[in-house]
1. Can you tell me how many residues in the stretch 243-275 are assigned to a helix (DSSP H, G or I) and surrounded by fewer than 19 Cβ atoms within 10 Å (Cβ to Cβ)?
2. Could you please let me know if Asp78 is crowded, with 17+ Cβ neighbours inside 10 Å, under 20 Å from Arg152 (Cα atoms) and modelled with pLDDT under 90?
3. Working only within the stretch 150-167, note down all residues that are closer than 21 Å to Asp264 by Cα and in contact with a Leu (Cβ under 6 Å, 6 or more places away or on another chain).
4. Can you tell me how many residues within the stretch 179-214 are surrounded by fewer than 19 Cβ atoms within 10 Å (Cβ to Cβ) and in contact with a Phe, Trp or Tyr (Cβ under 6 Å, 6 or more places away or on another chain)?
5. Would you be able to say whether some residue in the stretch 51-69 is assigned to a loop (DSSP other than H, G, I, E, B), over 18 Å from Leu195 (Cα atoms) and either at pLDDT 90 or above or open to solvent by less than 60 Å² (accessible area, probe 1.4 Å) (or both)?
6. Take the residues in the stretch 154-176 that are open to solvent by 60 Å² or more (accessible area, probe 1.4 Å) and in contact with a helix residue (DSSP H, G or I) (Cβ under 9 Å, 6 or more places away or on another chain), then tell me which one is farthest from Asp62 (Cα to Cα).
Amino acid sequence: MASASLLIPSPSPLSRRLPSPHRLALSPLRLPHSPCLRSRRPLAVAASSSPSPLQALIFDCDGVILESEHLHRQAYNDAFEHFAVRCPPSSSQPLHWGSEFYDELQNRIGGGKPKMRWYFGENGWPSSSIFETPPASDSDREKLVDDWKTERYKEIIRSGSVESRPGVLQLMDDAKGAGIKVAVCSAATKSSVILSLENLLGLERFQGLDCFLAGDDVKAKKPDPLIYITALKAANGAGMSCIITYTSSTANQDFSDAIATYPDLSNVRLEDLKLLLQNALVASG
């Protein structure tokens, strides 16, 4: 029986660009060593005599492990206010991203710095307490999209008020207990993802991940599937069965390529995933 992985990404209107579900190659699959874990074990997905085809779970972070987008938006707006970022420069009030706009933005552009570069590129570079007039040089513009938003986000995560989404920790523990590999892939900045995972998963779970990749590890961020392709390194491509855990802002999007959609993982068990994956493999066979 062929082995297979199950991808659990956060939803995006462009999620149909993720690899479509299909049977993986019979040859052994090796994941790259994680650059940031003490236990530098490869994630192996190989042909198995086990009756279950489920060999690995790959979790996205934002939207799956962590309900984070409202926290990111808060961090942006706090930073805009702190540095008096005005866009357009003639505005009397600091820039503020509303929830509806941010829902569109976060599904259009992956990563924190790329969001700001895109927004200022489209709407004009702002004035701020850093630069009284809009910066013209690339080096000055980079100072505006440096790390101040990231640092504010880290403060929020460190506050202890943020918890993982329902069912995530139980599913991870059940998978590890059953000998199923567990990986996390996120388009976010590595330092932010590490902080989030250490605080939400706990240090022991985080260090026990079989693979961890962040946006810094690949050249193209989501919705480009490169980070998942890098994580899987499949002999016949990176086709993975996909499960969506949607949020209130993405519930009405088209996830027809996923083998299942859930509001969260609170009622999802390993046996459910095994059955879903088995059915997907049969259908694709």
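The values are calculated or read from the model by the stated rules, or taken from the named source; none is laboratory data. Keep in mind the model is a prediction, meaning the values are calculated, not measured. Methodologically, a virtual Cβ is constructed for each residue, glycine included, from the backbone with ideal geometry; neighbour enumeration extends over all protein chains shown. Quick note on the areas: whole protein, heavy atoms, side chains included, nothing else; ligands and nucleic acids left out. Shrake-Rupley method; radii C 1.70, N 1.55, O 1.52, S 1.80 Å.
1. 5
2. So Asp78 does not fit the description; no.
3. Listed by number, the residues that qualify are Ile157, Ser164, Gly167.
4. 1
5. Yes.
6. Lys176
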